[in-house]
Amino acid sequence: MAIARTATELRRWNDLATIRRALAAAMPELADRPVGLKDIARLCKRRVAARPGRDWHEMRDVILTIGCEWDLARDRLDEQSNACLHCLAQFVT
């Protein structure tokens, strides 16, 4: 029996997979453990340093949006909102 998934669920899973791939490439030690805001901040810092040609103001705005969307009461990556995950996935690609 097949289970139908909604477009929102598939988009969320795609965003999580994109973020996990970026984490695995940049910090392989995080591959099998829960990821929190501190780990995401380190990933963002590495992405900024790796791409010096990007528009700094745009990157700053995206990082601030990720920080605003992040729910500190539920600090794990898997528990964040769809908007937060989508913004983060767009940043790491």
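The values are calculated or read from the model by the stated rules, or taken from the named source; none is laboratory data. Values in this document were obtained by computation on a predicted structure and should not be read as measured data. All Cβ positions, even for glycine, are placed from backbone atoms using ideal geometry, and neighbour counts span all protein chains on display.
Where residues in the stretch 36-47 are free of Cβ contacts under 8 Å to residues at least 12 places away in the same chain and over 17 Å from HIS86 (Cα atoms), which of them is surrounded by the most Cβ atoms within 10 Å (Cβ to Cβ)? Per the criteria, the residue is LYS45. Within the stretch 1-20, the set of residues being assigned to a helix (DSSP H, G or I) and more than 10 Å from the chain's Cα centre (by Cα) comprises ALA7, THR8, GLU9, LEU10, ARG11, ARG12, TRP13, ASN14. The number of residues in the stretch 14-28 that are under 14 Å from ASP39 (Cβ atoms) and surrounded by fewer than 13 Cβ atoms within 10 Å (Cβ to Cβ) comes to 2.
Taking the numbered list (1) out of contact with any Ser or Thr (no Cβ under 8 Å at 6 or more places or on another chain); (2) surrounded by 10 or more Cβ atoms within 10 Å (Cβ to Cβ); (3) assigned to a helix (DSSP H, G or I); (4) modelled with pLDDT of 90 or more in turn, MET59 passes all entries but (4).
Per the listing THR65, THR93, the residue uniquely at pLDDT below 90 and either within 27 Å of ALA7 (Cβ to Cβ) or touching a Lys or Arg at 6+ places or on another chain (Cβ under 7 Å) (or both) is THR93.
Give the stretch 68-90 a look and list any residue that's surrounded by 11 or more Cβ atoms within 10 Å (Cβ to Cβ) and either in contact with a Cys (Cβ under 7 Å, 6 or more places away or on another chain) or free of Cβ contacts under 8 Å to residues at least 12 places away in the same chain (or both), or say none. Scanning the stretch 68-90 gives GLU69, TRP70, ARG74, GLU79, GLN80. Any residue that is under 10 Å from the mean Cα position of the chain (by Cα) and in a helix (DSSP H, G or I) - is there at least one of those in the stretch 66-74? Yes, that holds for at least one residue. With respect to the stated conditions, ARG33 is among the basic types (Lys, Arg), over 15 Å from GLN80 (Cβ atoms) and in a loop (DSSP other than H, G, I, E, B).
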